[in-house]
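The values are calculated or read from the model by the stated rules, or taken from the named source; none is laboratory data. In this text the structure is predicted, and so the values were computed from the model without any measurement. All Cβ positions, glycine included, derive from the backbone under ideal geometry; neighbour counts span all protein chains shown.
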Amino acid sequence: MAQFKELIFSGMQPTGNLHLGNYLGAMIRWIELQKTKDCIYCVVDLHAITVAQEPALLKKAIREVTAAYIAAGLDPKKSIIFNQSQVSGHAELAWVVNCVARLGWLNRMTQFKEKAGKDRENASVGLYAYPDLMAADILLYRATHVPVGEDQKQHLELTRDVAQKFNNDFAASIAENGFGDAFFPLPEPLIQGPATRVMSLRDGSKKMSKSDPSDYSRINLTDDADTIAQKVRKAKTDPEPLPSEVEGLKTRPEAENLVAIYAALTDATAENVLRDHGGSQFSGFKTALVDVAVAKLAPIADEMRRLMADPAHIDAVLADGSARARVLAQPTIDAVKDIVGFVRS
Ligand code: AQP
């Protein structure tokens with residue numbers, strides 16, 4: 001099997017404020033990986049328009065997500081930070097992926113079912129084909145590792161299926177064009193840490209999400225200390241004190257969620273957290289949780305506000321990142337055209 005250079009790729013949608021789920025599920029890992037690996041972090045604006053967006057708000061959200069990346073600790077000099085629409089290879093490769101992926105594969109995608117809901121006939125074609133665009137995002141850079149939250153596992157499996165099928169379908173042409181026995185790597189999901197699926201603060205059975213109508217369901221990265229405190233205090237819990245063993249969280253989704261959040265914010269495990277807080281009432285545990293959440297998140301919110309006051313700087317970061325991403329994307333697009341059999345002029 002061909003050898004591929006290790007490369008990290010991931011992205012977030014500018015569909016509103018980033019929240020604690022995005023931060024703990026993915027971004028914390030991105031920051032860690034950046035220390036030792038080559039990383040590309042994208043603001044996936046093409047994905048955002050799979051549901052209706054107000055143009056002026058979309059522009060603001062793209063800059064805000066970029067500001068969040070930088071404020072949380074991503075370094076635009078080291079990692080490539082850019083917005084997807086500025087590198088045309090994403091849309092170009094997505095078309096080829098559309099022609100490789102099978103309808104049956106997309107029909108199994110649970111995120112589409114959840115997002116389209118009962119009004120499936122009225123959902124955009126883009127929302128349905130979203131996983132193909134995501135596969136193209138990753139394969140465009142022939143990325144080998146993709147740090148994401150648990151909810152993206154199925155889309156990553158589809159990406160691997162697309163890569164495998166492309167490698168098989170075009171095996172002869174891949175070899176003829178000098179790429180050996182495989183053109184695309186099969187990218188590996190990196191779903192790691194104590195909070196790979198952060199749940200809503202109002203309902204422990206629902207994922208924390210930007211699109212939840214209740215702002216009390218999530219902690220936004222832009223929330224100030226008072227708002228964080230209010231949201232944590234109002235978070236749904238049950239009447240029992242915290243258990244001393246992880247086993248005791250099994251049937252208590254809200255308690256399990258708050259313990260996982262605490263663990264992720266303090267770089268600990270749920271076992272450690274329960275060793276310190278087992279037997280506590282929620283009132284006391286929530287006070288401790290507010291302290292760690294504010295200590296971690298308030299500086300990010302402050303830095304985001306500072307960065308958002310200078311949109312020209314954010315645009316310059318995106319322009320620089322887009323130029324660097326284009327340089328990496330173009331050889332893949334050229335090679336895919338050769339492999340598929342297009343005449344390049
Ligand atoms: N609740 C979560 N827990 C852990 N990880 C999460 N992620 C999202 N929500 C959670 C991870 O964050 C990354 C970026 O996600 P996204 O912005 O592309 O979109 P999403 O997964 O659809 O996030 P939302 O908040 O639910 O957005 P809306 O409401 O617009 O659909 C991904 O790595 C994701 O796993």
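Return yes when PHE82 is more than 12 Å from the ligand (Cβ to nearest atom), of a type in the set (Phe, Trp, Tyr), over 12 Å from the mean Cα position of the chain (by Cα) and buried (at least 21 other Cβ atoms within 10 Å of the Cβ) and no when it is not. Spelling it out, PHE82 is indeed more than 12 Å from the ligand (Cβ to nearest atom), of a type in the set (Phe, Trp, Tyr), over 12 Å from the mean Cα position of the chain (by Cα) and buried (at least 21 other Cβ atoms within 10 Å of the Cβ).
The lone criterion from (1) surrounded by 15 or more Cβ atoms within 10 Å (Cβ to Cβ); (2) assigned to a helix (DSSP H, G or I) left unmet by SER280 is number (2). Taking the condition hydroxyl-bearing (Ser, Thr, Tyr), in contact (Cβ under 8 Å) with a residue 24 or more places away in the chain and under 17 Å from LYS337 (Cα atoms), does SER173 pass? Yes; evaluated as a whole, the condition is true for this residue.
Looking across region 21-39, the residues that are more than 12 Å from the chain's Cα centre (by Cα) and not acidic (Asp, Glu) come down to ILE31, LEU33, GLN34, LYS35, THR36, LYS37, CYS39.
Given the condition closer than 26 Å to LEU307 by Cα, buried (at least 21 other Cβ atoms within 10 Å of the Cβ) and out of contact with any Asp or Glu (no Cβ under 6 Å at 6 or more places or on another chain), answer yes or no: does some residue in region 239-257 qualify? Scanning region 239-257 turns up no residue that is closer than 26 Å to LEU307 by Cα, buried (at least 21 other Cβ atoms within 10 Å of the Cβ) and out of contact with any Asp or Glu (no Cβ under 6 Å at 6 or more places or on another chain).
Just one of the listed residues (THR227, THR222, THR237) is among the hydroxyl-bearing types (Ser, Thr, Tyr), without any contact (Cβ under 8 Å) to a residue 12 or more places away in the chain and over 20 Å from THR110 (Cβ atoms), namely THR227.
Here ASP334, ASP320 are screened, and the one residue that is within 26 Å of CYS39 (Cβ to Cβ), in a helix (DSSP H, G or I) and either hydroxyl-bearing (Ser, Thr, Tyr) or touching a residue at least 40 places away in the same chain (Cβ under 8 Å) (or both) is ASP320. Out of THR36, THR50, one residue alone is within 14 Å of the ligand (Cβ to nearest atom), more than 22 Å from ASP223 (Cβ to Cβ), assigned by TED's automatic domain parsing to the domain that holds ASN83 and hydroxyl-bearing (Ser, Thr, Tyr). It is THR50.
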